[in-house]
Amino acid sequence: MPLASWGGHIFEVSAKTIRSFQDLQYKAGCETEEKTAGTEKYEAKKAIDPVNVSFTANLRSYFGVDVRKEADAFLQEAREGKKDHFYLAGEKLFGCMLMLKSAEVSDPVLGMDGFLKEAKCALTLVQCEKMSGGTGSGSGSGGGTGGGTGSGQKVSVRKEKVTKELTTVGGHDRKKLDPLDYAVKVGKGTDSTKRSTTSTTSTKTTTTTAIAKAIQDTKGAAIKSWSKGGSTVTKGKLVAEK
């Protein structure tokens with residue numbers, strides 16, 4: 001398994017080559033600002049600092065490494081600002097890509113033929129994108145939650161208002177109305193419901209009219225009333241028996 005890797009450069013120990021590194025350091029932090037509460041001072045977080053990684057690659061030709069070629073590659077990638085994830089023991093060290101900010105070659109050892117046999121290359125990698133799932137994105141999510149809560153309260157108030165308008169129509173409580181009557185009051189019933197309602201109302205009116213007419217006819221009819229010694233017929237009046 002590789003000890004570490006970045007941008008296609010693999011640091012490992014194998015049967016053919018040994019690519020090692022030393023002085024590995026990586027750090028994270030935040031920017032703070034001084035605040036005062038009464039007579040007390042304290043530090044508050046202002047922003048999150050970018051994470052960074054630094055280490056020194058050991059380049060040795062007798063371990064199967066082309067020292068000049070790899071040193072020149074690091075220098076060129078620093079000029080271009082090459083980006084990639086840094087892996088340590090096969091796992092990402094950070095959830096963001098790191099850009100090669102600087103590469104510095106030192107302690108070169110030349111052979112009798114002028115061939116570069118050894119060199120050290122100090123590399124500095126810095127965060128170049130937003131941390132995925134890290135502290136920065138977590139803080140942003142918290143702010144979104146707060147806004148979501150406020151929005152929820154507004155929706156709740158609006159919902160209560162709409163419900164109240166629907167349950168109270170013309171001063172009539174929906175719970176106290178017959179479903180059919182409520183549909184008529186609201187005016188949202190279907191055509192069939194309205195026709196049924198009209199028919200029922202018409203039937204009730206016809207029945208009421210028939211009963212009224214019967215009472216009127218009864219009052220105008222000749223009602224036979226019995227009394228001692230005979231019977232008399234009185235129109236529209238009942239005579240009690242004496």
Sort through 24, 75 and tell me the only one that's part of a helix (DSSP H, G or I), open to solvent by 50 Å² or more (accessible area, probe 1.4 Å) and among the hydrophobic types (A, V, I, L, M, F, W, C).
75
Consider residue 91 carefully, then state whether it is within 22 Å of residue 128 (Cβ to Cβ) and open to solvent by 90 Å² or more (accessible area, probe 1.4 Å).
yes
Looking only at the stretch 51-66, how many residues end up being crowded, with 16+ Cβ neighbours inside 10 Å, farther than 24 Å from residue 92 by Cα and either within 52 Å of the chain's Cα centre (by Cα) or among the hydroxyl-bearing types (Ser, Thr, Tyr) (or both)?
2
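Run down 86, 21, 94 and say which single residue is over 39 Å from the mean Cα position of the chain (by Cα) and either within 19 Å of residue 118 (Cα to Cα) or of a type outside the set (Lys, Arg) (or both).
On the way: 86 fails: over 39 Å from the mean Cα position of the chain (by Cα); 94 fails: over 39 Å from the mean Cα position of the chain (by Cα).
Checking each option against the conditions leaves just 21.
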With the checklist (1) out of contact with any Asp or Glu (no Cβ under 8 Å at 6 or more places or on another chain); (2) within 19 Å of residue 4 (Cα to Cα) in hand, flag the one item residue 56 doesn't pass.
(1)
Any pair with Cβ under 6 angstrom, 6 or more apart, that starts in the stretch 83-99 at a residue that is touching a residue at least 40 places away in the same chain (Cβ under 8 Å) and ends at one that is charged (D, E, K, R) and surrounded by fewer than 18 Cβ atoms within 10 Å (Cβ to Cβ):
85/92; 96/129
Among the listed residues 132, 106, 102, identify the single one that is within 17 Å of residue 23 (Cα to Cα), surrounded by 12 or more Cβ atoms within 10 Å (Cβ to Cβ) and of a type in the set (S, T, N, Q).
102
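The values are calculated or read from the model by the stated rules, or taken from the named source; none is laboratory data. In this text the structure is predicted, and so the values were computed from the model without any measurement. Heads up, the Cβs are rebuilt from the backbone with ideal geometry, glycines too, and the neighbour counts pull from every protein chain shown. All accessible areas refer to the heavy atoms of the entire protein, side chains included, with ligands and DNA or RNA removed. Shrake-Rupley method; radii C 1.70, N 1.55, O 1.52, S 1.80 Å.
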